[in-house]
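Below is one structure, written out as structure tokens, with a few remarks after it.
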Amino acid sequence: MFKKPFQSKPQSALRESACRQLAHEAQSTFHEFTAQPGKLQTQKFVSHIGDKGDIISSSTDPLWIRTTLPNTSNMVLVPTVYTQWQHPRMLPILWTWPVVIEKLVGGADLMTAGLVVPPGGLPVVTKGSLVAVCAHGEMAARAVGVMDVDTREIREVVGAKGKA
């Protein structure tokens, strides 16, 4: 009935071998990613909806989240918005209006009608793929999410219904 609060454990240092393994996984998954800070911390969490995972951060900034995505059972590496800012072409970008960004920050889903279609059309992104969400005309990601539909299925955004 009531949302449970976000819970996290204390941070602990990531071993050097685990840092190297993480860098290798990040570079093989996200080809745009090239750098990895030396000393990393990890912190386990449980979200307000019960999703579990690890937050991997440098001494000051969260860099990655390792968690399960919807309809999967494997743990995957998800870049944070901060990492996306450092490497803006790491994920395909979907643009939306600034007023929609405010709703996303509040926890709403990005709906198809809220997308801004660039002159070249939407990028080709399959269902279940990670995407960065940016305000119209900007390259700085405001959110990182998982596609609920293929972009090839989105014909029109005006008057469209359903989650993106």
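The values are calculated or read from the model by the stated rules, or taken from the named source; none is laboratory data. If you're wondering where the values come from, they're calculated on a predicted model, not measured in any experiment. Positions of Cβ are backbone-derived with ideal geometry, glycine not excepted, and every protein chain shown enters the neighbour counts. These accessible areas exclude ligands, DNA and RNA; they are computed on the full protein's heavy atoms, side chains included. Shrake-Rupley method; radii C 1.70, N 1.55, O 1.52, S 1.80 Å.
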Note on the range 28-47: residues farther than 22 Å from ALA132 by Cα, open to solvent by 40 Å² or more (accessible area, probe 1.4 Å) and either under 17 Å from the mean Cα position of the chain (by Cα) or β-branched (Val, Ile, Thr) (or both) are VAL46
Which of the following residues is among the polar types (S, T, N, Q) and touching a residue at least 60 places away in the same chain (Cβ under 8 Å): THR72, THR67, THR80?
THR80
Being of a type in the set (Ser, Thr, Tyr), modelled with pLDDT under 90 and either closer than 30 Å to ARG20 by Cβ or touching a Gly at 6+ places or on another chain (Cβ under 9 Å) (or both) narrows it down to one of THR80, THR112, so name that one.
THR112
Kindly indicate whether GLY107 is under 30 Å from SER57 (Cα atoms) and either in contact with a Lys or Arg (Cβ under 6 Å, 6 or more places away or on another chain) or at pLDDT below 90 (or both).
yes
Any chance ALA140 is loosely packed, with under 13 Cβ neighbours inside 10 Å, over 12 Å from the mean Cα position of the chain (by Cα) and modelled with pLDDT of 90 or more:
yes
Evaluate the following for ILE56: is it open to solvent by less than 20 Å² (accessible area, probe 1.4 Å) and β-branched (Val, Ile, Thr)?
yes
Check the range 153-161 and report whether any residue there is part of a strand (DSSP E or B), of a type outside the set (Gly, Ala, Ser) and modelled with pLDDT under 90.
no
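For every residue, the table says whether it meets (1) in a loop (DSSP other than H, G, I, E, B); (2) surrounded by 13 or more Cβ atoms within 10 Å (Cβ to Cβ).
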{"site": "THR60", "(1), (2)": "yes, no"}
{"site": "THR72", "(1), (2)": "yes, no"}
{"site": "VAL76", "(1), (2)": "no, yes"}
{"site": "LEU94", "(1), (2)": "no, yes"}
{"site": "GLY121", "(1), (2)": "yes, no"}
{"site": "VAL125", "(1), (2)": "yes, yes"}
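Yes/no per residue for (1) out of contact with any Phe, Trp or Tyr (no Cβ under 8 Å at 6 or more places or on another chain); (2) at pLDDT below 85:
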site	(1), (2)
GLU32	yes, yes
LEU40	yes, no
LYS44	yes, no
ASP54	no, no
THR60	yes, yes
LEU63	no, no
ARG66	yes, no
Can you pull out the residues in the range 87-103 that are among the charged types (D, E, K, R) and touching a residue at least 40 places away in the same chain (Cβ under 8 Å)?
ARG89
Out of all the residues in the range 96-113, which are part of a helix (DSSP H, G or I), over 14 Å from CYS134 (Cα atoms) and not β-branched (Val, Ile, Thr)?
ALA113
